[in-house]
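Enquirer: Attaching a single structure in structure tokens format; questions to follow.
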Amino acid sequence: MPNLVLKDYEANFELSYAALLKEITLVEVFFPYLKFSSLPQFYTNLLVGLASGNEVVLLDPDFSDSEIEKLLGSIDSLQQEKAVEVKSDSMEQLLSNIEANGGSLSLFTSGTTGLPKKVTHSVGNFIRGVRRSDSHSNNVWGLAYNPTHMAGLQVFFQALFNLNTMVNIYGKTREEIFNAIENSAVTHLSATPTFFRMLLPADTSFSSLSRITFGGEQSDKILHDKIRVLFPKALLNNIYASTEAGAILTARDDEFEIKKELIGKVEIRDNEIVVHKSLIGNSPDLKLVDEWYHTNDIVEITSTNPLRFKIVSRGNELINVGGYKVNPNEVEECIQMMDGIKYCRVFGKPNSVMGNIICAEFVPQNGTEITVSDIKKHLSIELQDFKIPRIIKSVDQMQLTRTGKLKR
């Protein structure tokens, strides 16, 4: 049987498809509520649940007991078992069973505005974007996302349905990631822009990468140019996805188009992406307007025929400064233009007179001296005065969300 399903250099383990299949067919019970602990156990339980047509509820590894109590009603739910029997003589038969048996996956939104909300997707929602052909049979994927999140699951299913190898680089250091990429000749890597900035500066290069995908946050040309130095043979693209809808849009560089099969299901209304309920997971907490889900993601239309657009911000990220709306992504992009900036984040701080004032924090690259005065001088050339942060400070590290994005 070809390839390993999973390899982790730091944890010193590897799991073959043959071993995975054997383990799955020997399992007699599965746990409907799955809190990530080890990757082999996680994927085995996940596939047992789906192959037997059950719902699998995925929980973040850092969910506290009190959060689980609120989400599930009782921490004891984690101990629930269900008797199952999975009969599959091959991986091909197992994958066929997963597609046919009507299982589902329930995830929780990132919870940036309160308690995470449960969203349930059919298996079909996850695999509708999987590309399957002989041309993908030799791909080697780097797993850079949280395995329990939408993006991590999409990488897993893309690798699984082509019997590809996945190399775990989630939560690893820059050095560990580079070692894994080199040792396994990783060909495909999907991650947030924040993850890719962690790999910079590009003081080396890797020729094995053939495709790089940015997702979860807005990326920019400056980052793309730097990543091309690190991965000189890779094609770069962006993906638009959410816990509510899964992956629905892709773009070469940063201009998106609506694919023919999604016309009438994804639309741009008043410069906002809206998605028809047929593409949305099931959740009592999602609000639909006339069968459409409003994503709150704001776009800039760059072409009307054909329709092309760039995603510029989430509507709730815009900062009101004395009646002016400031897009923090625009300010961050200007700061990232400067040499010596590793990360930066821009956010609003309440102010009794202006409503908010713009603030910024940045992490300088090692060995780089850059001052607040340097940044303000640069921004005064690039931006209108009301967009320039009034408070700027250097910090040692940035706080990230559970999805690996910068926390605003």
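Enquirer: Quick one: which of 126-132, 387-393, 69-75, 147-153 comes out on top by average Cβ neighbours within 10 Å, and what's the full order, highest first?
Expert: 147-153, 387-393, 126-132, 69-75
Enquirer: Then there is this: Roughly what angle does helix 91-100 make with the longest principal axis of the chain, taking Cα atoms, 0 to 90 degrees, to the nearest 10?
Expert: Orientation of helix 91-100: about 70 degrees from the principal axis.
Enquirer: Next question, about the same structure. Take the Cα gyration tensor of region 232-316, multiply each eigenvalue by 5, square-root it, and list the three semi-axes largest first, rounded to whole angstrom.
Expert: Square roots of five times the eigenvalues give 22, 15, 13 Å.
Enquirer: Next question. Using the C-alpha atoms of region 183-223, what convex hull volume per residue, in cubic angstrom, is computed?
Expert: Output value, Cα hull per residue: 84 Å³.
Enquirer: Roughly how many whole Å is it from the C-alpha centroid of region 178-194 to that of region 59-130?
Expert: The distance from the Cα centre of region 178-194 to that of region 59-130 comes to 26 Å.
Enquirer: How far, in degrees from 0 to 90, does helix 221-230 lean away from the longest principal axis of the Cα atoms of the chain, to the nearest 10?
Expert: Result, in degrees: 60.
Enquirer: A further question on this structure: Using only the alpha-carbon atoms of region 191-282, report the extent along each of the three principal axes, biggest first, to the nearest angstrom.
Expert: 46, 24, 22
Enquirer: Something else about it: Around Glu55, which amide H atoms from residues at least 5 apart in sequence, or from another chain, sit under 5 Å from its own amide H, with H modelled in the peptide plane?
Expert: Correct list: Ser104.
Enquirer: A further question follows. Just need the relative contact order of the chain here, percent rounded to a whole number, with Cα pairs under 8 Å and 6+ apart.
Expert: 10 percent
Enquirer: Between rounded, prolate and oblate, where does region 1-81 land on the alpha carbon gyration tensor, with a ≥ b ≥ c its root eigenvalues, rounded for a/c under 1.5, else prolate if a/b exceeds b/c?
Expert: Oblate shape, in that a/c is at least 1.5 and b/c is the bigger or equal ratio.
Enquirer: Would you calculate, for the chain, the mean residue ellipticity at 222 nm contributed by helices, counting each DSSP H stretch of 4 or more residues as -39,500 (n - 2.57) and dividing by all residues, to the nearest 500?
Expert: When only DSSP H runs of four or more count, the value is -7500 deg cm²/dmol.
Enquirer: Same structure again: Compute the whole-percent fraction of alpha carbon pairs in region 318-394 spaced more than 17 Å apart.
Expert: Roughly 38 percent, rounded to a whole number.
Enquirer: Further question on the same structure: If you project the alpha carbons of region 265-408 onto the principal axes, what extent comes out on each, in Å, largest first?
Expert: Cα spread of region 265-408 along its principal axes, largest to smallest: 52, 38, 31 Å.
Enquirer: No solvent, one uniform scatterer per C-alpha: report log10 I(q)/I(0) for region 149-235 via the Debye equation at q = 0.17, 0.25 1/Å, two decimals.
Expert: The Debye formula, applied to the Cα set alone, gives -0.70, -1.57.
Enquirer: Right, here's the next one. Restricting to bridges with both residues inside the chain, how much of the DSSP beta-bridge set is antiparallel, in percent to the nearest 5?
Expert: If we restrict to bridges inside the chain, about 65 percent are antiparallel.
Enquirer: Here's another thing I want to ask about it. I'd like to compare 185-191, 170-176: which one has the highest average count of other Cβ atoms within 10 Å, and what's the full order after that?
Expert: Packing proxy ranking, top to bottom: 185-191, 170-176.
Enquirer: Same structure again: Once both labels are modelled 7 Å past Cα along the beta-carbon direction, what's the Asp374-Asp290 spacing in nm?
Expert: 5.3 nm
Enquirer: Taking the Cα atoms only, what angle lies between the long axis of helix 150-160 and the longest principal axis of the chain, rounded to 10 degrees?
Expert: Result, in degrees: 50.
Taken together, the values in this text are just the output of simple stated rules run on the coordinates, not laboratory data. Please read all numbers here as calculations on a predicted model, not as lab measurements. Glycine also receives a Cβ, built like all others from the backbone with ideal geometry; neighbour counts cover every protein chain displayed.
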